[in-house]
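Here is the structure we will look at.
The values are calculated or read from the model by the stated rules, or taken from the named source; none is laboratory data. Small disclaimer: the values here were computed from a predicted structure and weren't measured. Here the Cβ is made from the backbone with ideal geometry for all residues, glycine too, and neighbour counts use every protein chain on show. To get the accessible areas, we keep the full protein, side chains included, count just its heavy atoms, and leave off ligands, DNA and RNA. Shrake-Rupley method; radii C 1.70, N 1.55, O 1.52, S 1.80 Å.
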Amino acid sequence: NGGEYYTPRPLIKTIVKVVDPKIGETVYDGAVGSAGFLVEAFDYMNIKKNKSTQEIETLQKKTFYGKEKKSLAYIIGIMNMILHGVEAPNIVHTNTLAENIADIQEKDRYNVVLANPPFGGSERTEVQENFPIKTSETASLFLQHFIKILKAGGKAGVVIKNTFLSNGGAGSADASLRKELLENCNLHTVLDLPGGTFTGAGVKTVVLFFTKGEPTKKVWFYQLNLDRNLGKTNPLNEKDLADFITLQKTKAESENSWNVRLSDVDQTTFDLSAKNPNTPEEAPLRQPSEILEAMVNLDKETADILNDLKLLIEND
């Protein structure tokens, strides 16, 4: 009901690989949930060989930070981090959106943001007052929070509904937020995920990868096209995302990836719809007369089959 879905582990691993956090950088998730992002980031950073005592202590105590509103998720998140080897998780039980982003100072900022904020939920008017761009959509409020709480040069990987890329005309909250993101951050990569990535959620999602402190000039899109439907018994796996990780390093163009220059984007709506220009053209639609003729032929085939079956039964 709150728009909360746990992020598939292969997707978290992929986001962490692309963002590439280093020991000495602080990592933050303002919608920490079960702390999947922080746990994977710890595993990724902890793999470094020959760590000094100082680096081990930094990883344990001064690297991972999170906030969680729901009591159960908060407990699960802390337990998850302890079980994965982070002895002192810096997770706070609070509603991130209840904080006024105007109060965020340099000392409160982080080097890396990794998050899948709840989407589809809605926030009260008094909570919206904490943000310059007013909207009831929780994910859009979280995105404002993440942009503000990143240090200059900070990196982010954030999951959001794909409608964020195109919703709202000029002057709308989403258009204003896209403008804010593109002007203050370099939105270098957008990963467009297939439906069913989040088990139980019908919505399609994208992952936004951005760096704060320089405007966007070009966005590299990758559309994850799979030859199967995702679901509980057929979840996303790491192999599905291998091509994305390989191509993302050079932002190469392919059947599933393409670049969009910001100068080609509508400067009033900042519509970033993920329309793949490399998709093969679909066959043209048939004329109604052709369709009717095909239907007649199919009906004739069906009648012949039924006659054959009838004869077989009678002969028995």
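Just one of (1) without any contact (Cβ under 8 Å) to a residue 40 or more places away in the chain; (2) touching a Phe, Trp or Tyr at 6+ places or on another chain (Cβ under 8 Å) trips up residue 203, so point out which. The single condition residue 203 does not satisfy is (1). Go through the residues of the range 232-241 one by one and say whether even a single one is modelled with pLDDT under 90, open to solvent by less than 20 Å² (accessible area, probe 1.4 Å) and in contact with a helix residue (DSSP H, G or I) (Cβ under 6 Å, 6 or more places away or on another chain). Among the residues of the range 232-241, at least one is modelled with pLDDT under 90, open to solvent by less than 20 Å² (accessible area, probe 1.4 Å) and in contact with a helix residue (DSSP H, G or I) (Cβ under 6 Å, 6 or more places away or on another chain), which makes the answer yes. Number of residues in the range 3-50 that are among the basic types (Lys, Arg), assigned to a loop (DSSP other than H, G, I, E, B) and out of contact with any strand residue (DSSP E or B) (no Cβ under 9 Å at 6 or more places or on another chain) equals 2. If only residues of the range 51-68 that are surrounded by 13 or more Cβ atoms within 10 Å (Cβ to Cβ), outside any helix (DSSP H, G or I) and basic (Lys, Arg) are counted, the one that is modelled with the lowest pLDDT is 51. Yes or no: the range 99-109 includes at least one residue that is modelled with pLDDT of 95 or more, under 30 Å from residue 47 (Cα atoms) and either buried (at least 17 other Cβ atoms within 10 Å of the Cβ) or touching a Ser or Thr at 6+ places or on another chain (Cβ under 7 Å) (or both). Scanning the range 99-109, I find at least one residue that is modelled with pLDDT of 95 or more, under 30 Å from residue 47 (Cα atoms) and either buried (at least 17 other Cβ atoms within 10 Å of the Cβ) or touching a Ser or Thr at 6+ places or on another chain (Cβ under 7 Å) (or both), so the answer is yes.
Among the conditions (1) without any contact (Cβ under 8 Å) to a residue 60 or more places away in the chain; (2) surrounded by fewer than 22 Cβ atoms within 10 Å (Cβ to Cβ); (3) touching a Gly at 6+ places or on another chain (Cβ under 9 Å), the only one that residue 167 does not satisfy is (3). Restricting the search to the range 69-79, which residues are part of a helix (DSSP H, G or I) and open to solvent by 30 Å² or more (accessible area, probe 1.4 Å)? Residues satisfying the conditions are 71, 72, 74, 75, 76, 78, 79. Among the residues making up the range 248-276, those that are under 13 Å from residue 192 (Cβ atoms) and either at pLDDT below 90 or out of contact with any helix residue (DSSP H, G or I) (no Cβ under 8 Å at 6 or more places or on another chain) (or both) are 258, 260, 273, 274, 275, 276.
Scan the range 191-205 for residues that are surrounded by fewer than 22 Cβ atoms within 10 Å (Cβ to Cβ) and β-branched (Val, Ile, Thr) and the total you get is 2.
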